[in-house]
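First comes the structure, then the notes that go with it.
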């Protein structure tokens, strides 16, 4: 065989699609693309069927009077008009915003603080990390019940502790002035170990050389934290802020602990919007009204996320 | 050439995709078989909060399982009991109806009646109950389960409210049964007197919900208050309503009553039995609860005190059997309810007696059951309820969720939220009027 023929046939063998692909009329590139889509198809279909369609249906349901027994009546914007005059809705909105404004920074500071304390790998820190993370191993319902018992008026450990300090008459979960802050503290206590782990991952990605160089240049620990740690934690910070934001507005943490510890009380003082949505839907069978309120929750989340994006530039590094 | 180096030997992506498709198809193909099996089952599901395997006393679980077993022994269509956790506050029942999968039989209290009736979920039970037996249920008991003269629920019990007190707490304070309060003022004073560093003197329900409304209504009625007037408009903003709200607020503000209750205000053992309070506002079921779960804690009882110039009224709640109008076999479900609680047969009457005097401590909803249980109601704590408390009982009101929530918010605002009772009553009344103007369901009672 001439040499020129041999080189041509070799090139053909490497660039031609296999027999099956040729039969399907696809190039290698097209086959790769198709395979890629097929592999993400299960996730996409799952999200579309179980998240996308229900979201659209829920948003649509907000324009109907749905009584929970199969009756649908189109009411236009009536559910949204009802919201305007619903004092409980506005109270729940205020509680939600307060809860969000307090919870997100609290989780950020506590998670980062713990991570800085235990970031170095040694036996003691490993034990401490496990202790801080331990609440995550327990069901939220159990956590709520335990703290409810601890906070019981007069007979709870916390109430007795306060009484020993001379502070009496304080109802940690029964007073509107305390109940939200008590549930907030429990939520922070429960979640801070989880955020600590995320921050430890972010801290371990920061090269040690930066700190060594800063130290040689005379930077102290505080300066290193402000000028090296915090800027390089930007992607981690964005992630933490985003998921804590979702947790505070619509997460199971916001719902479960409140459901177990206070049931939204006393006098709706811990009733976050997502809890009121639950009540309207499942306790009062006002599914249309609940769906309309749920759409407000979505709007709050979108707005808060947009603000977060603008403030942190989506977690991207600042290279200037 | 495909890059399948991460695959198990002999597999490629196409094999995995084919396998997944085959598994998916097999799964989908199997769904109709499951559906058929479900549809063919001759079983009626009865959702309840007693049996099987619940946390309720054994005697109550036994009553339920025996009832189901007795029916199943004679009927081709079986009844299967399904125990629901958190029946009153949970979402399983409402979610099941929302998805068209409601149970065939379930329990309902007057407080939740209109939600299900207005939704078209309740079966008319009138054709299944003999006319004579219908008369056996007094109107005061059956009224809140009827619409346009038709029966949509058969009560299994009547549960009037009273107060219980700890004999030990009374004795420690140098008090005895002659010191029980007759008026609201005396009640508050006694509550303060019995309050110590680690115990409250007096306990009202503090958790918002149907139960709290239920326990608060008699205090409103005692001064002549109503939530709705004869003209169909709100009557909530009245001196009687304000006084009732103030009573509960004063109990909290004075430090005599707790802002939190253990497990729920209906739980005698977790509150009075545990020494959390000296006096507890609770229903007749507290007798059995204490005897079954706190037998070593002696307790006494007194009927609801009244305001100055008021008259004695208490509230009589209780749960009823209801059938799903769109269930698998509504006809048999209706027959089951009639057989269980509302037939002429002696075993039906005795079943009610057993529930109210053996499994639990309640007043029977049937006159014939009161007669049959005369021995039990002629002595001890049940005699006190039968003779002193029950004659003043008025049926638990039925309201749609919107109205119930308005009243609930008013109670919470005054009791725990620091709002003046006058303001709470005024705000609630305006909201009630707005709601009543648009309400189209069955009458509120």
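The values are calculated or read from the model by the stated rules, or taken from the named source; none is laboratory data. Keep in mind it's a predicted model, so treat the numbers as computed, not measured. Methodologically, a virtual Cβ is constructed for each residue, glycine included, from the backbone with ideal geometry; neighbour enumeration extends over all protein chains shown.
Numbers for the structure displayed
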item: Filter pass, residue A:243 being assigned by TED's automatic domain parsing to the domain that holds residue A:109, part of a helix (DSSP H, G or I), out of contact with any helix residue (DSSP H, G or I) (no Cβ under 8 Å at 6 or more places or on another chain) and crowded, with 17+ Cβ neighbours inside 10 Å; result: yes
item: Hey, residue B:243 touching a helix residue (DSSP H, G or I) at 6+ places or on another chain (Cβ under 9 Å) and either surrounded by fewer than 24 Cβ atoms within 10 Å (Cβ to Cβ) or over 26 Å from residue A:162 (Cα atoms) (or both) or not; result: yes
item: Matching residues, the range B:66-89, being assigned to a helix (DSSP H, G or I) and out of contact with any strand residue (DSSP E or B) (no Cβ under 7 Å at 6 or more places or on another chain); result: B:66, B:67, B:69, B:70, B:73, B:74
item: For residue A:98: the one exception among (1) assigned to a helix (DSSP H, G or I); (2) away from chain B (no Cβ under 11 Å); (3) more than 30 Å from residue B:257 (Cα to Cα); result: (3)
item: Complete set of residues in the range A:153-176 that are facing chain B (nearest Cβ under 9 Å), without any contact (Cβ under 8 Å) to a residue 12 or more places away in the chain and on the phi < 0 side of the Ramachandran plot; result: A:155, A:160, A:163, A:168
item: Enumerated helices (runs of 4 or more DSSP H) restricted to the range A:107-199, each holding at least 3 residues that are in the same structural domain as residue A:254 (by TED's automatic domain parsing) and over 30 Å from residue A:229 (Cα atoms); result: A:140-150, A:157-164
item: Residue satisfying condition, being surrounded by fewer than 19 Cβ atoms within 10 Å (Cβ to Cβ) and either assigned to a strand (DSSP E or B) or touching a strand residue (DSSP E or B) at 6+ places or on another chain (Cβ under 8 Å) (or both), within set B:311, B:383, B:328, B:344; result: B:328
item: Residue count for the range B:142-161, restricted to those that are part of a strand (DSSP E or B), in contact (Cβ under 8 Å) with a residue 60 or more places away in the chain and surrounded by fewer than 22 Cβ atoms within 10 Å (Cβ to Cβ); result: 1
item: Qualifying position, being within 12 Å of another protein chain (Cβ to nearest Cβ) and surrounded by 11 or more Cβ atoms within 10 Å (Cβ to Cβ), among A:62, A:70; result: A:70
item: Output for the range B:90-118, where each listed residue is touching a helix residue (DSSP H, G or I) at 6+ places or on another chain (Cβ under 7 Å), outside any helix (DSSP H, G or I) and within 14 Å of chain A (Cβ to nearest Cβ); result: B:91, B:102, B:103, B:106, B:108, B:109
item: Search result, residues across the range B:397-435 that are away from chain A (no Cβ under 12 Å), crowded, with 18+ Cβ neighbours inside 10 Å and either more than 21 Å from residue B:203 (Cβ to Cβ) or at pLDDT below 95 (or both); result: B:397, B:398, B:425, B:429, B:432
item: The range B:170-179, residues that are surrounded by 13 or more Cβ atoms within 10 Å (Cβ to Cβ) and either out of contact with any helix residue (DSSP H, G or I) (no Cβ under 9 Å at 6 or more places or on another chain) or within 21 Å of residue B:308 (Cβ to Cβ) (or both); result: B:172, B:179
item: Set B:280, B:212: member being within 13 Å of another protein chain (Cβ to nearest Cβ) and closer than 16 Å to residue B:159 by Cα; result: B:212
item: Members of the range B:253-270 that are surrounded by fewer than 24 Cβ atoms within 10 Å (Cβ to Cβ) and either assigned to a helix (DSSP H, G or I) or free of Cβ contacts under 8 Å to residues at least 24 places away in the same chain (or both); result: B:253, B:262, B:263, B:267, B:269, B:270
item: Residue satisfying condition, being part of a helix (DSSP H, G or I) and within 17 Å of the chain's Cα centre (by Cα), within set A:277, A:297; result: A:297
item: Among (1) modelled with pLDDT under 95; (2) part of a strand (DSSP E or B); (3) surrounded by fewer than 22 Cβ atoms within 10 Å (Cβ to Cβ), the one test that residue B:316 misses; result: (3)
item: Members of the range B:272-284 that are part of a helix (DSSP H, G or I) and buried (at least 24 other Cβ atoms within 10 Å of the Cβ); result: B:272
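Table: residues versus (1) surrounded by fewer than 22 Cβ atoms within 10 Å (Cβ to Cβ); (2) at pLDDT 95 or above; (3) under 26 Å from the mean Cα position of the chain (by Cα); (4) not in a strand (DSSP E or B).
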residue: B:124; (1), (2), (3), (4): yes, yes, yes, yes
residue: B:140; (1), (2), (3), (4): yes, no, yes, yes
residue: B:165; (1), (2), (3), (4): no, yes, yes, no
residue: B:168; (1), (2), (3), (4): yes, yes, no, yes
residue: B:181; (1), (2), (3), (4): yes, yes, no, yes
residue: B:186; (1), (2), (3), (4): yes, yes, no, yes
residue: B:201; (1), (2), (3), (4): no, yes, yes, no
